[in-house]
């Protein structure tokens, strides 16, 4: 019984905040497509995202409107280069995407791989901001202006705000 009480006391005194950094955040920015087609598809457009982070993992919902409306949920893993007030990182992410093409009644479904570089800047222990540059690709099947399959790629620039718990 003494060993059990000692173990419980040891576990209660561990610095859990340092072990599990949990955050909720969002971002806004622009998507710059690298594939341009006629008809207003793939134009520079607004992008927004919301995310849940348990360092170094992040689950992110991304919305983009580039003439195409895209909805993606990706799982990413970040590699932080430092653990100071400014935390530069590199990230790889992958997940499913849904694409709504103008003039088409059906949706297209596919995948979205991403690679990002960026930096988080701490404001205080509960709030941080950041900037992210992201290269993304999309490959999707369904109702597209190119037929049954289409692949695109582009670049995003995002500003983020993150609340830590």
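Only one entry in 125, 116 is in contact with a strand residue (DSSP E or B) (Cβ under 9 Å, 6 or more places away or on another chain) and under 17 Å from residue 27 (Cβ atoms), namely 116.
Restricted to the range 127-142, and to residues there that are within 20 Å of the chain's Cα centre (by Cα) and farther than 18 Å from residue 62 by Cβ, the residue that is surrounded by the most Cβ atoms within 10 Å (Cβ to Cβ) is 128.
For the range 150-165, what are the residues that are assigned to a strand (DSSP E or B) and over 15 Å from residue 31 (Cα atoms)? Within the range 150-165, 150, 151, 161, 162, 163, 164 meet the criteria.
Mind checking whether some residue in the range 55-73 is over 13 Å from the mean Cα position of the chain (by Cα), part of a strand (DSSP E or B), in contact (Cβ under 8 Å) with a residue 40 or more places away in the chain and surrounded by 17 or more Cβ atoms within 10 Å (Cβ to Cβ)? So far as the range 55-73 goes, yes, one or more of its residues are over 13 Å from the mean Cα position of the chain (by Cα), part of a strand (DSSP E or B), in contact (Cβ under 8 Å) with a residue 40 or more places away in the chain and surrounded by 17 or more Cβ atoms within 10 Å (Cβ to Cβ). For the range 94-109, the criterion of being at pLDDT below 95, part of a loop (DSSP other than H, G, I, E, B) and closer than 27 Å to residue 22 by Cα is satisfied by no residue at all.
The values are calculated or read from the model by the stated rules, or taken from the named source; none is laboratory data. As the structure is a prediction and not an experimental result, all values here were calculated from the model. Here the Cβ is made from the backbone with ideal geometry for all residues, glycine too, and neighbour counts use every protein chain on show.
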